[in-house]
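The values are calculated or read from the model by the stated rules, or taken from the named source; none is laboratory data. Since the structure is predicted, the reported quantities are computational estimates derived from the model, not experimental observations. Quick note on the areas: whole protein, heavy atoms, side chains included, nothing else; ligands and nucleic acids left out. Shrake-Rupley method; radii C 1.70, N 1.55, O 1.52, S 1.80 Å.
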Amino acid sequence: GKTTRTKILELDLNELLNERGEQVVIFSIDDLYKTRAEREGLEAKGYVHRGPPGTHDVPLGVRALRSLRKTDRDSVVALPKFNKKDDNRASEPRLIRGKVGIVLFEGWIVGANTDVDPEKVRPGFKREVAKAIREYGALNAELDDLIVRLPRDLDTIRVLYGDQVGRQKAEVER
């Protein structure tokens with residue numbers, strides 16, 4: 001889905017940018033997941049899985065996007081990297097060397113916002129998510145453009161998600 005299409009776009013854009021001494025960098029919101037210990041602290045608020053608003057380190061993402069924006073040919077930017085096998089942030093960052101011309105920041109929640117007043121939502125997990133999504137405004141403010149891929153019907157999404165979870169479990173078991 002998103003990741004495969006983003007990789008194809010990266011290949012095409014890199015052909016154009018390489019002539020200018022620049023590169024395309026793919027950066028996923030998944031790499032901004034809070035550490036496992038930080039997410040375990042969210043369980044009391046109803047968070048069981050990583051993914052929903054509130055499970056990402058938004059200030060870290062803002063700093064990373066701003067650093068990528070300020071690169072030159074001698075730059076080295078350390079990007080956070082999430083290891084899904086360990087369900088934790090990797091100890092070593094991903095290093096981006098050189099001038100970045102375009103950042104493809106991808107993820108299912110990228111660009112999402114709300115005008116829902118969290119205080120009008122019944123107390124519980126939904127209220128926590130409604131509060132948390134407001135924090136993503138700082139991250140969204142770093143975006144110059146937004147491309148949205150409209151989701152398929154819910155039944156197809158469930159099948160695709162099940163396939164993805166199955167592949168990830170198989171990788172962990174290796």
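If you find the alpha carbon centre of segment 26-44 and of segment 98-117, how far apart are they in angstrom?
The distance from the Cα centre of segment 26-44 to that of segment 98-117 comes to 16 Å.
Restricting the calculation to Cα positions, tell me the Rg (one decimal) and the Dmax (whole number) of segment 20-69 in Å.
When restricted to Cα atoms, segment 20-69 yields Rg and Dmax of 13.9, 50 Å.
On average, how much accessible surface per residue is there in segment 1-142, in Å², for a 1.4 Å probe, leaving out ligands, DNA and RNA? Please report the intermediate quantities before stating the final value.
On the way: 8480 Å² over 142 residues.
The answer is 60 Å² per residue.
Compute the length gained on full extension between Val48 and Glu19: take 0.36 nm times their separation in residues and subtract their Cα-Cα distance, giving the result in nm to one decimal.
Net length gain for the segment: 5.8 nm.
Report in % the part of the accessible area of the chain that belongs to carbon and sulfur, leaving out ligands and nucleic acids; probe 1.4 Å.
Numbers: 5840 of 11620 Å².
Result for the chain: 50 percent of the exposed heavy-atom area is carbon or sulfur.
For Lys85 and Arg73, calculate 0.36 nm times their separation in residues minus their Cα-Cα distance, and state this gained length in nm to one decimal.
1.0 nm
Could you give me D for the chain, from Stokes-Einstein at 37 °C and 0.692 mPa s, where the hydrodynamic radius is the Kirkwood radius over C-alpha pairs? Units µm² s⁻¹, please.
Translational diffusion coefficient: 184 µm²/s.
For segment 70-157, what is the number of Lys pairs with C-alpha distance below 30 angstrom, counting only pairs 8 or more positions apart or on separate chains?
12
Once phi is turned into ³J(HN,Hα) by the Karplus curve 6.51 cos²θ - 1.76 cosθ + 1.60 with θ = phi - 60°, what whole-Hz value does each residue of segment 45-52 show in order, with x for glycine and proline?
Per residue, the Karplus-derived 3J(HN,Hα) values read 8, x, 6, 10, 10, 6, x, x Hz.
Can you list the residues, at least 5 places off or on another chain, whose amide H is less than 5 Å from the amide H of Leu104, using H built in the peptide plane?
Val25, Ile26, Phe27
With springs only between Cα atoms under 10 Å apart, run a GNM on the chain and tell me which of Arg158, Arg66, Arg97 wobbles the most.
Arg158
Quick one: helix 2-18 against the long Cα principal axis of the chain, what's the angle to the nearest 10°, folded into 0 to 90?
20 degrees
Taking 0.36 nm per intervening residue step and subtracting the Cα-Cα distance, what contour gain separates Ala37 from Val159 on full extension?
So the extension gain works out to 40.9 nm.
Which value results when the Cα radius of gyration for segment 94-167 is divided by 2.2 N^0.38 Å?
1.46
Defining a contact as two alpha carbons under 8 Å apart and six or more residues distant in sequence, what relative contact order in percent does the chain show?
Taking the mean separation of contacting Cα pairs over the length of the chain, I get 25 percent.
Would you mind telling me which residue in Leu11, Leu143, Leu104 has the biggest mean-square fluctuation in a Gaussian network model of the chain, where springs connect alpha carbons within a distance under 10 angstrom?
Top of the fluctuation ranking is Leu11.
Specify the angular offset, from 0 to 90 degrees and rounded to the nearest 10, of the alpha carbon long axis of helix 58-69 from the longest principal axis of the alpha carbons in the chain.
So the inclination is approximately 10 degrees.
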